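The values are calculated or read from the model by the stated rules, or taken from the named source; none is laboratory data. In this text, all values refer to a predicted model and were calculated from it rather than measured experimentally. Counting neighbours? That spans all protein chains shown, and the Cβs are built from the backbone with ideal geometry, glycine included.
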Amino acid sequence: MIKRWILIFALICAVVLGLYWLFFQKKPIEKPRTWDDITKDGTLHIVTEYNATGFYVEGDSLAGFQYEMAKSFAQQHNLKLEITPEMLLSKQMEGLCSGKYDILANNLLVTSENKDSILLFSNPIVVNKQVLVQRTKSDNDSLGLYISSPLQLGGKTICVTEDSPVIYRIQNLSEEMGDTIHIREIKKYGAEQLLAMVAHGDIDYAVCDKQTAQQMKSEIEGLDISQDISFNQFYSWGVHMSNKKLLQHINEWLEQYIASEEFAILQKKYLLD
């Protein structure tokens, strides 16, 4: 009888301890890393897109406009660089909030919508605009698909990468026209894949930034990027709104870096005029 009660008591204790561990165990709080956290750790975590303007693998080395800029910033502050590819802005933002990433190095479009988000923007890095990508007039004209003015986009379907900030611009354009422009978000594909789909006739229209469009036009025949969808806009890096000290270090570095010969060479290498 005594052994039975000892066994029952032991089982009750095990259940209570299990419940305590399940419901009351303190979990590590995920939050953005401060500048002091970053310097103490010695590694800077960057997230960007996997493409020519973000970063990509070239032979045995890494390359890309954002990658080379981030590497220069990390070296300036004696930090190791860890860079992660992520195409979805929502996933990038989640990582920023949890402390997985310190900087969103995406040439983020500075819009009123983004300013109301959790982001703080760095000083402008480049000036860019959004363009309509379609097949050339000779390829599209016979089908009545060629767009010679954004005002002709009423009723058309434009494809963009999933979660793209350019969606706001297309919606605004639709309101300005007083006509509906249908937006189709393509999952798992970046802008470069969308432009290839346009060239191959899988989709008729896409929108992306002009620099990416120019890069792809030089590599893929049959693309027309002559129609602007937006005016020139500023593009910047982003950090979490709580990380003002990191932003200060980025901006101080940018003031000198953007005026440097190194940045001029970088622009010629990756950004076509």
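Take Asn123 and tell me if it is surrounded by fewer than 18 Cβ atoms within 10 Å (Cβ to Cβ), among the polar types (S, T, N, Q), modelled with pLDDT of 90 or more and under 29 Å from Asp228 (Cβ atoms). Yes: the conditions hold for Asn123. Considering only residues in the range 165-188 that are touching a residue at least 60 places away in the same chain (Cβ under 8 Å) and not in a helix (DSSP H, G or I), the one that is farthest from Leu119 (Cα to Cα) turns out to be Lys188.
For Glu82, the conditions (1) touching a helix residue (DSSP H, G or I) at 6+ places or on another chain (Cβ under 7 Å); (2) at pLDDT 95 or above all hold with the exception of (1). Within the range 74-91, the residues that satisfy the criterion of being part of a helix (DSSP H, G or I) and out of contact with any Lys or Arg (no Cβ under 9 Å at 6 or more places or on another chain) are Gln75, Gln76, Leu89, Ser90, Lys91. How many residues does the range 227-248 hold that are at pLDDT 90 or above and crowded, with 17+ Cβ neighbours inside 10 Å? Of the residues in the range 227-248, 10 are at pLDDT 90 or above and crowded, with 17+ Cβ neighbours inside 10 Å. Number of residues in the range 215-273 that are within 20 Å of Gly64 (Cβ to Cβ), among the hydrophobic types (A, V, I, L, M, F, W, C) and in a strand (DSSP E or B): the value is 2. Scanning the range 38-73 for residues that are in contact with a strand residue (DSSP E or B) (Cβ under 9 Å, 6 or more places away or on another chain), assigned to a strand (DSSP E or B) and under 23 Å from Met216 (Cα atoms) yields Val47, Thr48, Tyr50, Phe55, Tyr56, Val57, Leu62, Ala63.
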